[in-house]
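Engineer: The structure's right below; bear with me while I get my questions together.
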Amino acid sequence: QVQLVESGGGLVQPGGSLRLSCAASGTIFNYYPIEWYRQVPGKERDWVATITRAGSTDYSPSVKGRFTISRDGAKNTVYLQMNSLKPEDTAVYYCKTSDRQAIYWGQGTQVTVSS
């Protein structure tokens, strides 16, 4: 059973930065894409970024140029570096991956951007 654990969320002022981490049990990140999503209360969970097994990345237009997704295969960890944060980035952030058997989500980490 794959487990994903996010960390790194918190309260930050507009214009600030945070780095989120998503640690996986096992080596699933070496074989399958990993994605970050975010969700605010009452709204659907929105896709934020993806990193593939080959290291290719893709971003939602709302975060492109401000967020960077990366992966450390040796640590089985994926990161989301978030810069120039805006109040509208406030959300619970989740990482997600999947294999042939199931889709896996972490428990989420809260990011609040406020002065």
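The values are calculated or read from the model by the stated rules, or taken from the named source; none is laboratory data. Here the structure is a predicted model, which is why all the values come from computation and not from measurement. We place every Cβ from the backbone using ideal geometry, glycine too, and count neighbours over all the protein chains shown. What goes into the accessible areas is simple: the full protein's heavy atoms, side chains included, and nothing from ligands, DNA or RNA. Shrake-Rupley method; radii C 1.70, N 1.55, O 1.52, S 1.80 Å.
Engineer: Are there GluC sites (Glu not before Pro) in the stretch 1-84 that DSSP puts in a loop and that have at most 10 other Cβ atoms within 10 Å, and which ones? Let's see the in-between values first.
Structural biologist: Values: sites: GLU6, GLU35, GLU44; in loops: GLU44.
Filter output for the stretch 1-84: GLU44.
Engineer: Hey, got a sec? Which chymotrypsin sites (Phe, Trp or Tyr not before Pro) in the stretch 1-106 land in a DSSP loop and have at most 16 other Cβ atoms within 10 Å? All intermediate terms of the calculation are to be shown ahead of the outcome.
Structural biologist: Working: sites: PHE29, TYR31, TRP36, TYR37, TRP47, TYR59, PHE67, TYR79, TYR93, TYR94, TYR104, TRP105; in loops: TYR31.
Passing both the DSSP loop test and the Cβ count: TYR31.
Engineer: Report SER114's accessible area, 1.4 Å probe, all protein chains in place, as a number in Å² to the nearest 10.
Structural biologist: Using a 1.4 Å probe on the heavy atoms, I get roughly 60 Å².
Engineer: Here's another thing I want to ask about it. Which trypsin sites (Lys or Arg not before Pro) from the stretch 1-110 combine a DSSP loop assignment with at most 14 other Cβ atoms within 10 Å?
Structural biologist: On the way: sites: ARG19, ARG38, LYS43, ARG45, ARG53, LYS64, ARG66, ARG71, LYS75, LYS96, ARG100; in loops: LYS43, ARG45, ARG53, LYS64, ARG66, ARG100.
In loop regions of the stretch 1-110 (DSSP not H, G, I, E or B), the sparsely surrounded trypsin sites (Lys or Arg not before Pro) are LYS43, ARG53, LYS64, ARG100.
Engineer: Can you work out D for the stretch 12-90 in µm² s⁻¹ from Stokes-Einstein, where Rh is the Kirkwood radius over C-alpha pairs, the temperature is 4 °C and the viscosity is 1.567 mPa s?
Structural biologist: Calculated translational D: 98 µm²/s.
Engineer: Would you mind pulling out the separation of the Cα centroids of the stretch 14-72 and the stretch 75-110, in Å?
Structural biologist: 5
Engineer: Sticking with this structure for a sec: Report the relative contact order of the stretch 1-85, percent, no decimals, based on alpha-carbon pairs under 8 angstrom and at least 6 residues apart.
Structural biologist: Values: 159 pairs, mean separation 28.0, N = 85.
Relative contact order comes out at 33 percent.
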